[in-house]
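K.L.:
Sharing a structure below in C-alpha cells format, with a few things to ask.
The values are calculated or read from the model by the stated rules, or taken from the named source; none is laboratory data. The shown structure was predicted, so the numbers you read here are calculated from the model rather than taken from an experiment. Note: ideal-geometry Cβ built from the backbone for every residue, glycine included; neighbour counts use all protein chains shown. The accessibility values were calculated without ligands, DNA or RNA, using every heavy atom of the protein model including side chains. Shrake-Rupley method; radii C 1.70, N 1.55, O 1.52, S 1.80 Å.
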Amino acid sequence: MTPFNDPPRSCLIDPLAGLRAPGDAAPDVYLTGTVFLDIIFTGLDSAPVRGTESWARGMGSSPGGVANMATALARLGLRTSLAAAFGDDKYGEYCWETLERGEGIDLSLSRTVAGWHSPVTVSMAYEGERTMVSHGHEAPPSRPEPAEASSPGARSAVASLTPGRPQEWIARAAASGTLIFADTGWDETGVWDLAALPDLAHCEAFLPNAAEALRYTRRDDPRAAAHALAERVPLAVVTMGAEGAYGVDARTGETAQVPAIVVEALDTTGAGDVFMAGFVTATLAGWPLADRLALAGLTASLSVQEFGGSLSAPGWAEIAAWWRRAQALTPDDGTPHAVLQRYAFLSALLPGKDHPLPRRRAVPTLGFRG
C-alpha cells in the first residue's frame, strides 16, 4: 500500500492533523466497489421522448460509481484507499489515472483486468431529476483472494449494504477497529427488513435517505425513523432532501437537524456520496453532531452545482470560498442570520486568505492529446 505521510497534495487543510502520530501512514478511509465511466447530459428541458432526438446544453465525463465517494473523501483531505477492478480499455485507463494521479487516491489494492471492459453509466439530468442507463459485466474474481479481503488497517471504511448479501470484509474490518459507515440502496425485493442487513450490526453509522428509513422502520416520520435506527447503530442519520438531515447519537443521546442549503442544482449525480464523505470526515475529526451534518449538507449542496459525480466534489478551497461569500452577503441578499450562525464553526477551521486551487471538472470528452 502506498504510504500516506502527508495529506493529498491538492488539499488546503488536513482535518485529522491533530490525530496523526509521527510516522502514521495508515489510510483514513477504505472503500471497495465498482468504478464506472460516467457520461452526464444536463440542460435537458424534459425527459427524452420516445421516437425523438433530444439535445443537451451540457455534457460531462468523469469516473463514477464508488469513485464518487473516493474522490469526495480525498478532496476533503482524508487518506483514501480504494479496492476496485478497472478495465484495461481507454475508459479504465482514464479512470485510474484520474483517481490516482489527479486525486491522490491509493489504488494499490485495486487491479486492472485484462479483456474486461469498463462499466458505463449515462445520466440525463432534467427538471431537478435524473435518469440513468448503465451497462457492464461483473469483473472476474482475482486469485487467490479478492482485493476487499485484504485488511487495510484504516480508521474507517464506507460500505453500501444490500439486502440478503452480507460482505465478509465488513465484519473483519470492524473487528480490527475500523469504523464502518454504511448506506443502502432501494430494496428491490420490497421486503424492507433490517434483518436482511446483518452487516448493520458491525456499523458505526447508518445513513439512509428518508424513503429508505421509513420503509425499514415502518415509521411515518423521518425523525422517528432515525431514532428507531439508533437502537441498532451508534449513529443514525436520515437525509430528507430539501428538509436537510436529522441525526441521532445513540451513545450520548444527542440529536440534531440541519436544514439543506437551497441552491440551483445543475447535476445531482453523486450528491449522496458527497454528503457521506463530509459526514465521515467530520466524525473522524470529532466534531459535534450538528457540525457534522452541516459540513455534509454543505459539501453536497456545492457538488450539485457542477457536472458529474466524482469531479463535482468540493474541496476545502471551495468551502472557504462559499463561507467568505456567505459572510459578505446581508440578509436582504438571501443569507439568513441563522445560516451564518450554523456555519460559524468554519471560521476557526478555514484559512483567512483565499487559496484558489484548480480542480479537475467533468468535461465533454476524455483523452485530449498533449
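K.L.:
Filtering the range 24-55 down to residues that are of a type in the set (Gly, Ala, Ser) and under 22 Å from Leu109 (Cα atoms), which residue is surrounded by the most Cβ atoms within 10 Å (Cβ to Cβ)?
P.N.:
Gly33
K.L.:
Here's another thing I want to ask about it. Given the condition modelled with pLDDT of 90 or more and of a type in the set (Gly, Ala, Ser), answer yes or no: does some residue in the range 322-342 qualify?
P.N.:
No: zero hits.
K.L.:
Separate question: So, in the range 302-316, of the ones that are at pLDDT 90 or above and in a helix (DSSP H, G or I), which residue ends up most open to solvent (accessible area, probe 1.4 Å)?
P.N.:
Leu302
K.L.:
Can you find even one residue in the range 260-276 that is open to solvent by less than 40 Å² (accessible area, probe 1.4 Å), farther than 29 Å from Phe36 by Cβ and either assigned to a loop (DSSP other than H, G, I, E, B) or of a type in the set (Phe, Trp, Tyr) (or both)?
P.N.:
So far as the range 260-276 goes, no, none of its residues is open to solvent by less than 40 Å² (accessible area, probe 1.4 Å), farther than 29 Å from Phe36 by Cβ and either assigned to a loop (DSSP other than H, G, I, E, B) or of a type in the set (Phe, Trp, Tyr) (or both).
K.L.:
Modelled with pLDDT under 95, within 25 Å of Ala84 (Cα to Cα) and not charged (D, E, K, R): which single residue out of Gly244, Gly185 fits that description? I'd like the intermediate steps shown before the answer.
P.N.:
Working: Gly244 fails: within 25 Å of Ala84 (Cα to Cα).
After applying the criteria, what remains is Gly185.
K.L.:
Where in the range 89-196 are there strands (runs of 3 or more DSSP E), lying fully within it, with 2 or more residues that are in contact with a strand residue (DSSP E or B) (Cβ under 8 Å, 6 or more places away or on another chain) and surrounded by fewer than 12 Cβ atoms within 10 Å (Cβ to Cβ)? Quick ask: steps written out before the conclusion?
P.N.:
Working: elements: 111-113, 120-126, 129-135, 156-161, 179-184.
Where strands (runs of 3 or more DSSP E) fall fully within the range 89-196 and carry at least 2 residues being in contact with a strand residue (DSSP E or B) (Cβ under 8 Å, 6 or more places away or on another chain) and surrounded by fewer than 12 Cβ atoms within 10 Å (Cβ to Cβ), they are 129-135.
K.L.:
For the range 56-69: of the residues being of a type outside the set (S, T, N, Q) and assigned to a strand (DSSP E or B), which is surrounded by the most Cβ atoms within 10 Å (Cβ to Cβ)?
P.N.:
Filtering the range 56-69 for residues that are of a type outside the set (S, T, N, Q) and assigned to a strand (DSSP E or B), the one surrounded by the most Cβ atoms within 10 Å (Cβ to Cβ) comes out as Pro63.
K.L.:
Among what's in the range 197-256 and is surrounded by fewer than 16 Cβ atoms within 10 Å (Cβ to Cβ) and on the phi > 0 side of the Ramachandran plot, pick the residue that is nearest to the chain's Cα centre (by Cα).
P.N.:
Step by step, filter the range 197-256, then rank; the result is Gly241.
K.L.:
Restricted to the range 343-358, and to residues that are modelled with pLDDT of 85 or more and small (Gly, Ala, Ser), which residue is most open to solvent (accessible area, probe 1.4 Å)?
P.N.:
Ala348
K.L.:
Given the conditions (1) in a helix (DSSP H, G or I); (2) closer than 30 Å to Ser46 by Cα, report the number of the one that Arg292 does not fulfil.
P.N.:
It is condition (2) that Arg292 fails.
K.L.:
Oh, and also: Restricting to the range 75-88, give me the number of residues that are farther than 29 Å from Pro15 by Cα and part of a loop (DSSP other than H, G, I, E, B).
P.N.:
Count: 1.
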